[in-house]
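The values are calculated or read from the model by the stated rules, or taken from the named source; none is laboratory data. Model, not experiment: these values are computed from the prediction. With ideal geometry, Cβ positions are generated from the backbone for all residues, glycine too; neighbour counts draw on all protein chains shown. Protein only, heavy atoms only, side chains kept; ligands, DNA and RNA dropped before computing areas. Shrake-Rupley method; radii C 1.70, N 1.55, O 1.52, S 1.80 Å.
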Amino acid sequence: MTALLEVRDLKVHYAPQRGLLPGNRDVVRAVDGVSFSVGGGETVGLVGESGSGKTTVGRAIIKLTPITDGTVLWEGRDVTHLSEREFRPIRKHIQMIFQDPYGSLNPRLTVESIVGEAIEIHFPDMTRAERRERVAELMSQVGLQPEHIRRYPHEFSGGQRQRIGIARALAVRPRLIICDEPVSALDVSVQAQIINLLQDLQEQLGLAYLFIGHDLGVVEHVSNRVLVMNGGRIVESGSREEIYQRPQDPYTRNLLAAVPTI
Amino acid sequence: MPLLEVQNLRVTFATEEGEVKAVDDISFSIENGETVALVGESGSGKSVTALSLARLVPAPPARHDGGRILFEGRNLLDMTRRELQELRGGKVAYVFQEPSTSLNPVFRVRNQIAEAIHLHRPDVTDVKAEIRKLLELVGIRDALRVMEAYPHQLSGGMQQRVMIAMAIACRPLLLVADEPTTALDVTIQAQILDLLRELRRKLGMALLLITHNFAIVSNLADRVLVMYRGKIVEQGASKEVLRNPRHPYTRALLACIPRLGSRQKRLAVIDHELLVK
């Protein structure tokens, strides 16, 4: 069976900054030869510390950052070098939610516009009324009041804003959502609600997740398989049980040992 | 006499939508050399409580409506400005969550630590040697280089060590650490917690640790206070509270965290409406 998403030997390098000030002139190898796949309906966790390259992997997949080398396959098709226009139908299948729900929502737009915008782009045939109905439906799907469709992001709490981000991602009926630290900025009780919501949606819609995080407990809880990144490379990958019960790589062991336990 | 005794403290904020009781009649105490953890979520009042201990909450908009904060038996709420200045950074010191925003970006590390020494320790003659000693005490090996660095040249973990060095420069009796490791990676977090443990032993100071992480509580704190909506809903010995939480909020908070190896199918959620009743 072909995987939904496959990444082969992905590299993202950044050229040194040219500037007046003296500084490091070496190429930054943010992602340096990363390969993995995500199957339909599964959750793959991607853990690492700051600077490990985990966020860059997520962004490179949906062309938010240019790829230096390697291949990205969507359902077996090479989509690495597609133009922005050619890539648009793929982007409908791969959506992303971000860590900071406030920073990723336009403060001047109502929830209806924020969520509706994506529908307008990817489903141009829908009428305005249909669109509004769909946004209201998405609102209740993520646990928000459909009546609040005319409100602005600042009128919602952090957890509710993350729900708006999820509604926006769901609007185009994706098959894979890249979740970049979706609960890191939230209180633990709100975090639990969002994680449960993501799991419910996965069950209902058969979604696959690439779940990027630094909290090893959260990643263990949500993932079927786990990738551990350090210094731009995947140092270890395996099933959740393999990574958490029988870690082989010294970096993974070290990371797990550092987590304080009750 | 306890080092710190908070009696029936109330802190209210006047907002456009009316008064908000951020801290609502709380009482607790900290003994010399003791480590107490204050646990709660956003809006629970834990940070306002922590800041009140040196009268750092700006008033207005805040108002202390009664209660007493006794530090070595003297009520902070009656202190003059001058007395408070002596207390702040002298006997009570703070370490905050984001070291990068707490350090002044345009001054070298040595100047920032020197400021604290000049203000509170006129007895120190060789300031440079003292700074070096402090940096070494917080586990910085190349102290001479770090002294001359600007904050942006240091990693997050190093910045937090510098913050701790500044905080302990005046040998405080109470160190208040507000989420000191939340912004740090897990391996760095472990190092900073080890450092706090070691400093507590070497300097014998009391530690008030503000956190939302129960694992940190169990590793570091003698006692724990759980705050919810401005009130302390539960307090007791850390081991006892973690093993046998009595208040429904404490129980819910413990249950909603995905712990390593715990294998929950679904996370518990907190029913706030039920708790308020």
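Might you report the magnitude of the Cβ-based charge dipole of the stretch B:92-171 about its Cα centre, with Lys and Arg at +1 and Asp and Glu at -1, to the nearest 20 debye?
120 debye
Where in the stretch B:102-153 are there GluC sites (Glu not before Pro) that are in a DSSP coil and have at most 16 other Cβ atoms within 10 angstrom of their Cβ?
On the way: sites: B:115, B:130, B:136, B:148; in loops: B:148.
In loop regions of the stretch B:102-153 (DSSP not H, G, I, E or B), the sparsely surrounded GluC sites (Glu not before Pro) are B:148.
Rank A:199, A:245, A:141 by mean-square fluctuation in a GNM of chain A with C-alpha springs under 10 angstrom and give only the top-ranked residue.
A:245
Choose one answer from A:233, A:168, A:85: the residue with the largest mean-square fluctuation in a GNM of chain A with alpha-carbon springs under 10 Å.
Sorting by GNM fluctuation, first place goes to A:85.
Over chain A, what is the relative contact order in whole percent, taking alpha-carbon pairs under 8 Å and six or more residues apart? Don't jump to the answer; show the numbers that get you there.
Values: 477 pairs, mean separation 68.0, N = 262.
Relative contact order for chain A comes out at 26 percent.
Which residue fluctuates most in the GNM of chain B (Cα springs below 10 Å): B:20, B:217, B:241?
B:20
Using a 1.4 Å probe and counting only protein heavy atoms, how much accessible surface gets buried when A and B come together, both sides summed, in Å² to the nearest 100?
For A against B, buried area totals roughly 2600 Å².
Defining a contact as two alpha carbons under 8 Å apart and six or more residues distant in sequence, what relative contact order in percent does chain B show?
24 percent
Along each of the three principal axes of the Cα atoms of the stretch A:150-216, give the extent in whole Å, ordering the values from largest to smallest.
Over the stretch A:150-216, Cα extents along the principal axes are 33, 31, 17 Å.
Could you work out, residue by residue across A:163-173, how many beta carbons of other chains sit within 10 Å of that residue's beta carbon, and then give the average as an integer?
Details: counts 0, 0, 0, 0, 0, 0, 0, 0, 0, 0, 0.
Mean shielding count: 0.
Ratio of the protein assembly as shown's C-alpha Rg to 2.2 N^0.38 Å, to two decimals?
1.05
Positive end of the dipole of the protein assembly as shown, charges at C-beta (+1 Lys, Arg; -1 Asp, Glu), about the Cα centre: which of A:145, A:212, B:191 has its Cα farthest in that direction?
Comparing the listed Cα positions along the dipole, B:191 ranks first.
Rounded to the nearest 0.05, what FRET efficiency is calculated for residue B:101 and residue B:31 with R0 set to 56 Å and r the Cβ-Cβ distance?
It comes to 0.95.
Give me the dipole magnitude in Debye, nearest 20, for chain A about the Cα centre, with unit charges on the beta carbon: positive for Lys and Arg, negative for Asp and Glu.
Details: 30 positive and 32 negative charges, 132 e Å.
Roughly 640 debye, rounded to the nearest 20.
Work out, step by step, the length gained on full extension between residue A:152 and residue A:29: first 0.36 nm times the residue separation, then minus their alpha carbon distance; give nm to one decimal.
40.4 nm
Please state the shape class of chain B: rounded when a/c is under 1.5, otherwise prolate if a/b exceeds b/c and oblate if not, all from the C-alpha gyration tensor.
Numbers: a/c = 1.87, a/b = 1.32, b/c = 1.42.
It comes out oblate by the Cα gyration axes.
Among B:96, B:205, B:262, whose Cα lies farthest out toward the positive end of the dipole of chain B, if unit charges sit on the beta carbon of Lys, Arg (+1) and Asp, Glu (-1)?
B:262
Output the peptides B:74-87, B:38-51, B:259-272 sorted from most to least packed, where packing is the average of other Cβ atoms within 10 Å over each peptide's residues.
Per-residue Cβ counts within 10 Å, averaged per peptide and sorted highest first, yield B:38-51, B:259-272, B:74-87.
Taking the Cβ-Cβ separation of residue B:251 and residue B:145 as r and a Förster radius of 51 Å, what is the calculated FRET efficiency to the nearest 0.05?
Details: r = 49 Å, r/R0 = 0.95.
Efficiency for this residue pair is about 0.55.
In the protein assembly as shown, how many lysine pairs have Cα atoms under 17 Å apart, counting only pairs 8 or more places apart or on different chains?
Close lysine pairs found across the protein assembly as shown: 10.
Give me the distance between the Cα centres of the stretch B:210-267 and the stretch A:93-117, rounded to whole Å.
Comparing the Cα centres of the stretch B:210-267 and the stretch A:93-117, I get a distance of 33 Å.
Per 10 Å bin, what percent of the C-alpha pairs of the stretch B:92-171 does each bin hold, from zero upward?
Reading the bins upward from 0: 21, 59, 20, 0.
Roughly how large, in nm² to one decimal, is the mean projection of the convex hull of the alpha-carbon atoms in the stretch B:41-151?
Mean projected area for the stretch B:41-151: 9.2 nm², to one decimal.
What spacing in nm lies between the two simple spin-label points modelled at residue A:246 and residue A:13, each 7 Å away from Cα in the Cβ direction?
Placing both labels 7 Å beyond Cα along the Cβ direction yields 3.7 nm.
Between residue A:203 and residue A:100, what length comes free when the chain is fully extended (0.36 nm per residue of separation minus the Cα-Cα distance, one decimal in nm)?
In short, 34.6 nm is gained.
Averaged over B:212-221, how many beta carbons belonging to a partner chain fall within 10 Å of each residue's beta carbon?
3
Please average, across the residues of B:190-199, the number of beta carbons from any other chain that are within 10 Å of each residue's own beta carbon, and give a whole number.
Mean shielding by partner chains, rounded to a whole number: 1.
For the stretch A:118-262, just say rounded, prolate or oblate: build the C-alpha gyration tensor, square-root its eigenvalues into a ≥ b ≥ c, call rounded for a/c under 1.5, and beyond that prolate if a/b exceeds b/c, oblate if not.
Values: a/c = 2.89, a/b = 2.03, b/c = 1.42.
Judged from the Cα gyration tensor, the stretch A:118-262 comes out prolate (a/c at least 1.5, a/b above b/c).
Please check which bits of the stretch A:41-84 a label hung off residue A:172 would reach, taking the label as a point 7 Å along Cα-to-C-beta and the cut-off as backbone N under 13 Å.
Zone members listed by number: A:62-64, A:84.
Pulled fully out, how much extra length does the chain show between residue B:118 and residue B:79, if you take 0.36 nm times their separation in residues and subtract their Cα-Cα distance?
11.8 nm
With label points built 7 Å along Cα→Cβ from the Cα atoms of residue B:111 and residue B:187, find their separation and express it in nm.
If labels sit at residue B:111 and residue B:187, their model points lie 3.4 nm apart.
Over the stretch B:155-217, what number does the Rg to Rh ratio reach, with both radii from the alpha-carbon atoms and Rh per Kirkwood? Don't jump to the answer; show the numbers that get you there.
Working: Rg = 11.1 Å, Rh = 11.9 Å.
The Rg/Rh ratio comes out at 0.93.
Using a probe of 1.4 angstrom, how much of the accessible area of chain A is carbon and sulfur, in percent?
46 percent
Seen from all sides and averaged, what is the projected area of the convex hull of the Cα atoms in chain A, in nm²?
For chain A, the mean projected area of the Cα convex hull comes to 16.3 nm².
Using the 2.2 N^0.38 Å rule of thumb for compact globular proteins, work out how the stretch A:49-144 stacks up: its C-alpha Rg over that value, please.
1.28
Place a +1 charge on the Cβ of each Lys and Arg in the protein assembly as shown and a -1 charge on the Cβ of each Asp and Glu, then give the dipole magnitude about the Cα centre in debye, rounded to the nearest 20.
In total the dipole reaches around 480 debye.
Applying 1/(1 + (r/R0)^6) with R0 = 60 Å to the Cβ-Cβ distance of residue B:72 and residue A:84, what FRET efficiency is obtained, to the nearest 0.05?
Efficiency at R0 = 60 Å is approximately 0.35.
Karplus couplings for the stretch A:99-113 from phi (6.51 cos²θ - 1.76 cosθ + 1.60, θ = phi - 60°), rounded to Hz, Gly and Pro as x?
5, 9, x, 6, x, 9, 10, 5, x, 8, 9, 6, 4, 4, 5
So, by mean Cβ neighbours within 10 angstrom, what's the order for A:28-40, A:179-191 with the highest one leading? Each step should come with its number before you reach the end.
Numbers: A:28-40: 18.7, A:179-191: 22.1.
Ranking the peptides A:28-40, A:179-191 by packing returns A:179-191, A:28-40.
Skipping prolines and chain starts, which residues have an amide H placed within reach, meaning under 5 Å, of the one on residue A:208, given they are 5 or more residues away or on another chain?
A:41, A:176, A:177
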